[in-house]
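Values quoted throughout were computed directly from the atomic coordinates according to the rules given, and no laboratory measurement underlies them. What you are looking at is a predicted structure, and each value in this text was computed from that prediction instead of being measured. Cβ coordinates were reconstructed from backbone atoms using ideal geometry, including for glycine residues, and neighbour counts include every protein chain displayed.
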Amino acid sequence: MMTDKEWPLYEVFIRSRSGLSHRHAGSVHAADDQMALDHARDTYTRRSEGVSIWVVRSDRIVASDPAETAAFFEPAEDKIYRHPTFYDIPDGVENL
Amino acid sequence: MSTDPRLIDYVLRLGDNALVLGQRMLEVVAAYPELEEELANANFALDYIGQARLFYSYACQLEGNGRSEDDMAFLRREQEFRNLLLVEQPNGHFGDTIVRQVLFDVYYLALLEALKHCKDTGISEIAARAEKEVRYHLRHGAQWLVRLGDGTEESHNRVQRSLEQLWRYTGEMFAADELDAYMLSSYDGPDLEAIGEQWREQVGAIVAEATLLLPADQVMTSGGKQGIHTETFGYLIAEMQSLPRSYPGVTW
C-alpha cells in the first residue's frame, strides 16, 4: 500500500579531508540507512566536499535542552584556570 | 601509425551506449518523487553524458577529419547509432528504470573493468574514470531493486514484470559480433562470453536477494549493434537532436 508518510530524516556529517573531523553538513530524507548514505553522497559531496560521510537518524540524536543552558554551560565561564594560558612558553617553541 | 577505422567504430559504440542511456535518464529530470533521488538521477545521467563526450572526443581525435563530439551526438542518423537496445528502452515507471539500470550497469561495469586493461590507452583511460562512476550507480540501483523486490506486494509484482519485459534485450550484450571479436583479438578487449557468465552470476545474486525470479530463457531481441533500433528510439533521437537540427551551427 502506498502511504503519504515521509521518509525519516537523517543528519549528515562530512569529513572534508583526512585529519580533519566530521562536520555537520545538513540533512536528507531516506527510507533506510544505506539510502541515507547514498542521498548524503549525492546531495552533499557533488563538488568534492568530502572523503568520509556519517549519517545518523535525526531522532536518534540526544540534544541538550535549551532551557538548561544556564546549568549546562555557564559554570564553565568563570573557570579561567581550565584554559592553558598560565604557562611560560619556552623560547623556540612555535605554533603552540 | 595510420588510424584503425574499426577502433573508431568501437569507440563510437561505447559513446552511443553512454549517450543514449544518459538521454533517457535526463527525460525524467524534475519528475522524481523525492528531492534526493532527483539529484542522484541527474548526477548519474550527467555521468553518462560525460562518458559519451570522452568517447566521442576520442573518436573524433582518431578520425582526424574535423568532426566534433557534437557532430557525433547531434548530426548522425538513427541507423548510425550502435547502442544496445536495452539502454534505449523507455523509462516506464520507476521500477522499469531501476531494472534497466541494474541489468545494464552490471554488464557495463564488467566491460569497463576489461577495457581498463585493453591495449588502446585512449580507451583504457576513459574506462578507468568511468568505472568508478558506474560502480556507484550499480550500488545505488541494486539497493533499489532489492528494496522494491523485497518491498510491498505491489512493488514486488511490478518490478518482477519489469524484469520479464526487459530480459529479452539482455542477450545482445553478450552476443559478440565481428567487431567485438576483433577488439578481443587485436586489442585484448573484453571477452563477452566471460562477461556474460559473470553477469548471470551477479544479476542472479541481486535478483535472489530481491526475492524475485529470473525470467525463463527466451528468444533474445537484438539489432542495436547493427543500427537496427526499437520503435521508440526515433523519438529519442528526434527530441535530442531537434535544436541543432533546427538551428544548424547554433551555440549554447
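Brief remarks follow.
- Put a plus charge on the Cβ of each Lys and Arg, a minus charge on the Cβ of each Asp and Glu, and nothing anywhere else: the dipole of the stretch A:9-82 about its Cα centre is then about 480 debye.
- The stretch B:60-97 and the stretch A:9-67 have Cα centres separated by 37 Å.
- Between amide H atoms placed 1.01 Å from N, distances below 5 Å from residue A:52 occur with A:15, all of them 5 or more places distant or on a separate chain.
- Of the chymotrypsin sites (Phe, Trp or Tyr not before Pro) found in the stretch B:1-87, no site is in coil according to DSSP while having at most 15 other Cβ atoms within 10 Å of its Cβ.
- Pairwise Cα distances in the protein assembly as shown exceed 34 Å for 38 percent of all pairs.
- Length-normalised contact order for the stretch B:5-246 - Cα pairs under 8 Å, 6+ apart - percent: 26
- The string of couplings for the stretch B:165-178 from the Karplus curve (6.51, -1.76, 1.60, θ = phi - 60°) is 6, 8, 4, 5, 8, 8, x, 4, 4, 9, 7, 5, 9, 4 Hz, one whole number per residue in order, with x for Gly and Pro.
- On the principal axes of its alpha-carbon atoms, the stretch A:24-96 has extents of 54, 40, 15 Å, going from largest to smallest.
- Residue A:57 versus residue B:63: modelled label distance in nm, points set 7 Å from Cα along the beta carbon direction: 5.4
- Placing unit charges on the Cβ atoms of the charged side chains and taking the dipole of the protein assembly as shown about its Cα centre, the candidate lying farthest along the positive direction among A:80, B:208, B:56 is B:56.
- Length-normalised contact order for chain A - Cα pairs under 8 Å, 6+ apart - percent: 27
- Relative intensity of the stretch A:1-64 on a log10 scale, I(q)/I(0) at q = 0.11, 0.17 Å⁻¹, equals -0.27, -0.58, per a Debye sum over C-alpha point scatterers of equal strength in the absence of solvent.
- More than 33 angstrom apart: percent of Cα pairs within chain B: 16
- Whole-Å semi-axes of the ellipsoid equivalent to the stretch B:28-112 (Cα gyration tensor, √5λ, descending): 27, 15, 13
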